[in-house]
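One structure is given below, encoded as structure tokens.
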Amino acid sequence: MTGFSVDWLNLREAADRQARNSELLRVATTFAFSGVDSQAVVVDLGAGTGSTYRTFGQRRFPAEFAPTWRFVDNDRGLLGEAARRADQNHLIETYELDLNQVAQLPLIAVRLITASALFDLVSAPFIDRLIAEVDAASAGRPVGIYAALNYDGSTCWDPVHPFDQQVLEAFNEDQTTDKGFGPALGPDACNYVKQALEQAGFGVQLAASPWQLEGKDAQLVAELIQGIGSAVQSCPELVREDIADWLAFRLAHVATGSCTVGHTDLLAIREP
């Protein structure tokens, strides 16, 4: 899987938290922590620095509910940061693991699987294998999957630039290339995952969770622009001069313009 730095994950955390659909988050946290099993297990795939865990921690539940969080990531440094920033009174387990090794995921006794900004990076076969493993691990118990902030292929800029649409199309094409799991689902991720989970007997809800970025987010927007520029460099439909012009224009407006990046949150729950 393509790696992410602590700096990037820290930079996007506030925007991610603001973008998450509040109703799906409420239902996900209630399902995870309000069941009959007071020792519920939450497995966070691609945990990074623990952003999803901290978001869940903003909600308050009775003291008798003490879920175990299992952070899974292939980056030892990120896992160390996640554990360092966790509440020391919580049960935290870390697993340094390539997510491609689906059969090795620590899903024993799992009640909820979480992932953030991950499913648009993975392939259809990965999703199929993950659902099969969840089936085997849940063994007739209630289980849920909460996958937030999946890129949906839409980005709107203000002010506009003549190359915005061409750059967006090139970027979306890049989003379907191999990110470490085979050809990525990219903007079609939630559609595919929803259908696959429904076929496996889950009830699935989708909700929009767009980034709404403006001047106060200038550093994040600048990093986003640079990342898009790098991703589209090899696009044959765009010449380097056009990309350079788009980059210069976009960077000149990071403090005064605005940007909306479309994401979709997914929550799937299966009761026995």
Region 145-173 - residue that is more than 23 Å from ALA196 (Cα to Cα), of a type in the set (Val, Ile, Thr) and touching a Phe, Trp or Tyr at 6+ places or on another chain (Cβ under 8 Å) and, of those, surrounded by the fewest Cβ atoms within 10 Å (Cβ to Cβ): THR155
Residue under evaluation GLN18, criteria (1) surrounded by fewer than 16 Cβ atoms within 10 Å (Cβ to Cβ); (2) of a type in the set (S, T, N, Q); (3) modelled with pLDDT of 95 or more; (4) in a loop (DSSP other than H, G, I, E, B), criterion not met: (4)
Filter result (over 29 Å from ARG141 (Cα atoms) and touching a Cys at 6+ places or on another chain (Cβ under 9 Å)) within region 169-209: GLU169, ALA170, PHE171, GLU173, ASP174
Top-ranked residue in region 64-105 [being among the aromatic types (Phe, Trp, Tyr) and closer than 11 Å to ASP44 by Cα; ranked as surrounded by the fewest Cβ atoms within 10 Å (Cβ to Cβ)]: TYR95
Count - residues of region 213-237 that are closer than 23 Å to ALA19 by Cα, in contact with a helix residue (DSSP H, G or I) (Cβ under 7 Å, 6 or more places away or on another chain) and either β-branched (Val, Ile, Thr) or touching a residue at least 60 places away in the same chain (Cβ under 8 Å) (or both): 7
Number of the exception - THR260 against (1) out of contact with any Ser or Thr (no Cβ under 8 Å at 6 or more places or on another chain); (2) touching a residue at least 40 places away in the same chain (Cβ under 8 Å); (3) surrounded by fewer than 19 Cβ atoms within 10 Å (Cβ to Cβ): (1)
LEU45 vs. criteria aliphatic (A, V, I, L, M), surrounded by fewer than 22 Cβ atoms within 10 Å (Cβ to Cβ) and modelled with pLDDT of 95 or more: no
Filtered residues of region 233-272 (kept if at pLDDT 95 or above, among the hydrophobic types (A, V, I, L, M, F, W, C) and farther than 17 Å from ASP120 by Cβ): ILE243, ALA244, TRP246, LEU247, ALA248, PHE249, LEU251, ALA252, VAL254, ALA255, CYS259, ILE269
Unmet requirement for LEU247, which otherwise passes all of (1) more than 24 Å from GLN18 (Cβ to Cβ); (2) not in a helix (DSSP H, G or I): (2)
Cβ-Cβ under 6 Å pairs, at least 6 apart or on other chains, region 139-164 side touching a residue at least 24 places away in the same chain (Cβ under 8 Å), far side of a type in the set (Ser, Thr, Tyr) and not in a loop (DSSP other than H, G, I, E, B): TYR146/THR114; ALA148/SER116; LEU149/SER116; ASN150/THR264; ASP152/THR264; CYS156/THR260; ASP158/SER258
Pick from region 147-195, criterion in a strand (DSSP E or B) and of a type in the set (Asp, Glu), ranking: farthest from VAL42 (Cα to Cα): ASP158
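The values are calculated or read from the model by the stated rules, or taken from the named source; none is laboratory data. Values in this document were obtained by computation on a predicted structure and should not be read as measured data. Every residue, glycine as well, gets a Cβ built from its backbone with ideal geometry; the counts of neighbours run over all protein chains shown.
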